[in-house]
Each structure stands twice: as structure tokens, then as C-alpha cells.
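Just so you know, all these numbers are worked out from the coordinates, no wet-lab data involved. Note that the structure is predicted; figures quoted are calculated from it, not measured. Here Cβ is always computed from backbone atoms with ideal geometry, including for glycine, and neighbour counts include all displayed protein chains.
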Amino acid sequence: MFKNFLLQTGQQSNHSQLDSSLLEKHYQELVVKHHIQSDDAQINVLGHLQQLLNNISAQLEQEKQLIFSRLLSSYIPQTTKSLYIFGDVGRGKSMLMDLFFEACPIESKRRIHFHAFMQEVHDYMHYWRKNHQGDPLPSLAIKIRQASVLLCFDEFQVTDIADAMLLSRLFTRLINQGVIFVLTSNQHPDDLYRNGLQRELFLPFIKLLKQSSDILELVSKEDYRLLHFKAMKTTFYSRPEGGDAFLQKSYNELTNYGITEQKTLHVKGREVNFVAVHGDILYTSFDELCVRELGPTDFLAIANEFNTLLIANIPRFSIEFRDQARRFVTLIDALYEQNVKLICTAALPIEDFIFEDSVFDFKRTRSRLIEMQSEQYFQRQHLIATSKI
């Protein structure tokens with residue numbers, strides 16, 4: 001299964017030496033540093049990830065020996081099952097997957113938010129159809145397999161009928177080519193795309209997912225993201241001194257000091273780029289959101305993509321900032337309607353946000369900002385808009 005990878009690298013001499021308790025040791029290091037709290041349910045899931053890591057490492061070592069003995073042409077690789085982890089938000093699924101991803105000895109691996117992956121899939125298919133005839137799926141599956149033996153998908157969910165129609169065909173090809181998946185989701189596979197258009201056409205994919213993956217529920221009782229919000233004295237930080245440190249500390253705690261990536265959202269044929277993203281958490285600024293000429297469609301896409309936004313340096317609004325204030329109003333409406341959590345720094349306290357305008361209602365925005373600091377708001381589930389295509 002990993003023939004191309006091993007032939008390209010000609011290395012990996014230490015796979016047989018993989019520590020069988022590696023992930024738990026890394027987990028306990030995070031506990032000692034007070035980055036996370038020890039949780040029995042998380043440790044249970046970590047054991048399954050460790051077993052997958054052991055299987056991958058053993059298979060890499062076996063195939064390396066076969067290459068050295070020139071027997072690989074007659075070797076039939078064993079099947080390593082994928083892992084599908086589901087559970088409520090804030091339970092640590094993404095953090096556990098990150099520990100696994102960092103420790104996995106495969107170089108041809110990729111961790112990506114599932115929505116971003118599907119955007120890439122649609123972009124490739126669009127490009128293919130402009131330049132070729134026929135079905136783009138075989139070429140796409142080969143391209144993905146050549147780049148990645150292991151794919152880790154964060155926030156796996158299906159809300160778009162176009163995605164639903166693609167997944168069974170694409171995953172069948174990838175699984176047949178030996179690609180291994182680790183997926184995190186808020187839903188059991190049986191609940192994916194529930195009540196979606198033409199869901200009966202999606203059912204074969206659910207069957208395939210359950211056959212090719214071990215399905216594991218993370219049943220932690222604590223919502224650690226909510227605990228963080230509860231522990232904060234405010235989510236709207238208005239003192240000039242320490243604002244950057246406040247946001248950075250919040251970002252570190254929410255992401256468990258995880259990997260920060262860049263992300264591109266594709267909106268109506270345009271690209272909206274962000275430089276500090278971890279899963280469904282975006283660390284951004286007022287300038288990046290409201291000085292740029294973004295509009296309602298962009299803000300809806302942002303609200304759809306991210307569960308939590310950290311926004312730096314919201315200014316005091318004046319007539320000179322009218323356009324930016326208008327965009328800010330539209331942004332807050334989008335975030336509020338989809339229950340996106342907000343942490344921010346600003347030039348003045350939220351109660352002092354006053355901007356009179358005849359076109360838009362800034363008083364409503366201030367009211368929503370106040371509500372968005374409440375525990376009741378933090379307990380609301382992030383809403384994902386379903387495509388009506």
C-alpha cells in the first residue's frame with residue numbers, strides 16, 4: 001500500500017521501534033503543562049488511535065523489508081481500517097487527531113478541514129471539465145492517492161447535495177487504492193446528511209464508511225470549549241494593554257496549542273484567504289474582515305466554516321469608518337444567526353459602542369454583541385447552512 005512512498009524516500013528505518021504508548025505519553029505531557037485536563041474518555045479514544053498508529057508502522061516496516069528482498073511485486077497488502085470518531089462539540093476530537101497526525105511516521109499524509117477538502121475537489125473537477133472529456137473522478141482519486149496515503153479530516157459533515165453525490169464514488173476509489181482515513185465528526189455515520197435532498201443516493205456511502213472504518217464515539221461529559229468560555233471574565237476585551245496577549249492565550253487554550261494553518265474559502269469564484277486557522281477556529285482581525293471589501297456572501301461562508309472567531313482591534317467607529325462599520329454590522333448578523341462564538345479586542349467597552357446611521361441599525365449590533373457574551377449563547381449549537389442546490 002505504501003510502495004510509492006517508500007520508493008521515493010528510501011528511508012524510515014525506525015518504524016519497528018515505534019513506542020506503543022507514544023500517544024499517551026504526548027497526551028500526559030499536555031496534562032502536566034495544564035494545556036488540557038486528563039479525561040478517561042479521551043484516553044480510551046487515544047488507545048484506538050495508538051492501535052492504528054501501530055498497524056501503520058508495522059505495515060510500513062513489513063513493506064520496507066519486502067522492497068529490500070525484491071518480493072513486493074507479489075505482495076498483497078493487508079487492509080488497515082480507517083477510524084471515524086464522533087461526539088459532541090468541545091470534547092477534544094480534533095486535539096486527539098492532531099496527536100495522532102503528528103506522531104504518524106508516514107510523510108505522505110495530510111490533515112485538512114473537510115469543507116476545505118471538498119472545495120478543492122470541486123475546483124479540480126471544474127478545471128478538468130474545462131480541459132478534458134469524460135469523468136474527472138478517476139484522475140482526481142489518483143492525484144489524491146499520489147499526494148497522501150493518510151488523510152485526516154476534521155469536522156466531517158455533509159450538508160451539500162453535490163458533496164453527497166460525489167462522496168461514495170470518490171471514497172470507493174480512494175479506499176481501493178489503500179488510502180487510510182481518520183475522521184472527526186459531531187454525528188454518527190447514520191446521521192450524516194439526514195433529511196438531505198435525495199438522501200437515498202447517499203446511503204451507499206454510509207454503508208461504505210461503516211464497512212471500511214471503526215466507528216468510535218467520544219463520550220466525554222465535559223465540553224472543554226464551553227468551560228473555557230465560562231472561565232473567561234469577558235470575551236470582549238477593551239483595554240489597550242494586553243489585548244494581543246489576551247487573544248493569543250484564548251487561541252492557545254481553545255486549540256490546545258495545536259497546529260495553525262492557512263485557509264482559503266472559495267466564495268462565488270473568489271478566494272478569501274486567512275493565515276491563522278485551527279480546525280473550525282479562526283484567529284483574525286477587524287482589518288482582515290472589514291477593511292477588505294467583503295460582503296454578505298463572504299460573511300455567511302465564514303459563519304458556515306468556523307465555530308469560533310477571535311477578532312483583534314475593533315476600532316471606535318466614526319463617519320470615516322462608515323463602510324467598515326456597515327461590513328461589521330453584516331458580519332455580526334451572520335455570526336449571530338449561525339451561533340458562531342466570538343472573542344475580540346476593541347478600542348472601547350461594548351456598552352459604549354455607539355454609531356448613528358440612517359441605513360443600518362447599529363443598536364441591534366450592540367445588543368447582539370452583548371448577548372453573544374452570555375453563557376446561554378455559548379451553549380447554542382453552531383448552525384451550518386444547508387445547500388438548497
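Points to keep in mind about this one:
- Using R0 = 35 Å, the C-beta based FRET efficiency linking GLU102 and ASP352 works out to 0.20.
- Charge tally around GLU371: other residues with Cβ under 14 Å, Lys/Arg +1 each, Asp/Glu -1 each, net +2.
- Expressed as a fraction of 2.2 N^0.38 Å, the value expected for a compact globular protein of N residues, the C-alpha radius of gyration of the chain is 1.07.
- Fewest neighbouring Cβ atoms within 10 Å first, the residues THR345, THR264 line up as THR264, THR345.
- Mean separation of Cα contacts under 8 Å (6+ apart) over length of the chain, as relative contact order %: 16 percent
- Of all DSSP-defined beta bridges confined to the chain, some 20% are antiparallel rather than parallel.
- Given their separation in residues at 0.36 nm each and the Cα-Cα distance between them, LEU203 and HIS126 gain 25.2 nm when the chain is fully extended.
- Segment GLU24..GLN376, full-extension length gain: 123.3 nm, with 0.36 nm per residue of separation and the alpha-carbon distance subtracted.
- In this simple spin-label model, placing a label point 7 Å from the Cα along the Cα-to-Cβ direction at both ALA245 and HIS34 gives a separation of 1.5 nm.
- Rounded to 10°, Cα long-axis angle of helix 243-254 versus longest principal axis of the chain: 40 degrees
- Amide H contacts under 5 Å for LEU183, placed H, 5+ residues apart: LEU83, TYR84, ILE85, PHE153
- Cα long-axis angle, helix 322-337 against the chain (0 to 90 degrees, to the nearest 10): 60 degrees
- For the stretch 186-192, Karplus couplings with θ = phi - 60° (6.51, -1.76, 1.60), whole Hz, Gly/Pro x: 8, 10, 5, x, 5, 9, 5
- Under 13 Å, Cβ to Cβ, from LYS109 - net charge with Lys/Arg +1 and Asp/Glu -1: 0
- Relative to the longest principal axis of the Cα atoms of the chain, the long axis of helix 40-68 makes an angle of roughly 40 degrees.
- Principal axes of the stretch 77-233: Cα extent on each, largest first, Å: 58, 39, 32
- Fully extended contour minus Cα-Cα distance, from ARG270 to ASP361, at 0.36 nm per residue: 29.9 nm
- Over all pairs of different C-alpha atoms in the stretch 224-378, the reciprocal of the mean inverse distance, the Kirkwood hydrodynamic radius, equals 15.8 Å.
- Sum of side-chain charges, ALA141 neighbourhood, beta-carbon under 15 Å (Lys, Arg +1; Asp, Glu -1): +3
- In order along the stretch 203-211, the phi-based Karplus estimate (6.51 cos²θ - 1.76 cosθ + 1.60, θ = phi - 60°) of 3J(HN,Hα) comes to 4, x, 5, 4, 4, 4, 4, 6, 6 Hz; Gly and Pro are listed as x.
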